[in-house]
Amino acid sequence: MGVPSIVYAHSISCIFLSHMYLSISCYSCPFLQVTLLNFMITPLGLEDQLLGIVAAKEKPELEEKKNELILESAKNKKQLKEIEDKILEVLSSSKGNILEDETAIEVLSSSKTLSEEISAKQVVATATEKEIDATRNGYKPVAVHSSILFFCISELANIEPMYQYSLTWFIDLYLKSIGNSQPSDDLQERILILNDHFTNSMYRNVCRSLFEKDKLLFSFILCVGLMKGKGKIDDDAWRFLLTGGVALDNPHANPAPDWLSDKAWSEIVRASGLSNLAGLFKHVRENTGLWKQVYDSGIATSGTPWRVEPAGRFRSHGRSALLASR
């Protein structure tokens, strides 16, 4: 093996080999196969963590009270369990008629009184905790928004492996943003300020580490992520924009083969199957002259070609489908 010799003992029944000199051909052996686990934090888990952070910074007294209630609740449950165990012990150790055992009756009576007191405390603690959670959850939009930002930047590793950003760095930036943003007594205004400030801060910091060619793509990923989080992007339309749909036989003839390729026409027909693009291929077929202006312009943003028909309800989605299919 090319390594120092070791004394072998017959009592050894299992040997684990972990050495850089192992032959590459051994990697396919069963005892070297491993399962790769993904320990990436989940969106809900990150939301809860970020909610706790922003609540502790914005309402420290409430977060402190909540932590006290959690400890008190755990203590109460522990005492109730001890009482139950004590009652079971008395019942199991009692001999003869338990009603004649004064010690057992005294223990049961005191346990009942203590149990009722603890239960009453637990009811009050639970009600107080719900009130605190209601106030604390007022900042949930900030946590949801920030969680979306983290998973947007984590997707950058798919573009370039060196684009790696740790959760520790992200939370540190999150804390600084909370402290540096403009304060406000109005909750809704404060939420908007926090979201805008952190989005801007995170975007600027991430862009410092990106190649120039990737900055526009990062902006797009960020925009799509935030819009999807607000329910402003139709999932079917989004998947079609990315994939072009599933290729099937097209029964509709191409109305303008001189400038519109068969592939592009087929994608327009498939796009017409989307709820917000229903009838698109018919509109293109009946207005080929106007759609040619759109096609030739290559403009995916607002401009003169979009101020005339075929704008209408196809203005936002139709142009993307057509330009993407060129």
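The values are calculated or read from the model by the stated rules, or taken from the named source; none is laboratory data. It should be emphasised that the depicted structure is a prediction, and the values quoted were computed from it without experimental measurement. All Cβ positions, even for glycine, are placed from backbone atoms using ideal geometry, and neighbour counts span all protein chains on display. When the accessible area is computed, the model is the full protein with side chains, heavy atoms only, and any ligands, DNA or RNA have been set aside. Shrake-Rupley method; radii C 1.70, N 1.55, O 1.52, S 1.80 Å.
Once the Cβ-Cβ distance of residue 208 and residue 77 is raised to the sixth power relative to R0 = 45 Å, the FRET efficiency obtained is 0.35.
Treating cross-link reach as a plain straight distance, find the lysines whose alpha-carbon is under 30 Å from the alpha-carbon of residue 230, omitting any fewer than eight places away in the same chain. Hits, sequence-local ones excluded: 57, 59, 66, 130, 140, 176, 213, 215. When we measure straight from the Cα of residue 232, which aspartates and glutamates land under 19 angstrom away, once same-chain ones fewer than 8 places off are left out? Partners found: 196. Using heavy atoms of the protein chains and a probe of 1.4 Å, the accessible area assigned to residue 92 is about 90 Å².
Return one whole number: the accessible area per residue of the range 160-285 in Å², for a 1.4 Å probe.
60
By the rule of a C-alpha distance below 29 Å, with chain neighbours fewer than 8 residues away ignored, the lysines paired with residue 86 are 75, 77, 78, 95, 112, 121.
Counting protein heavy atoms only, the range 125-273 has 54 percent of its accessible area on carbon and sulfur, 1.4 angstrom probe.
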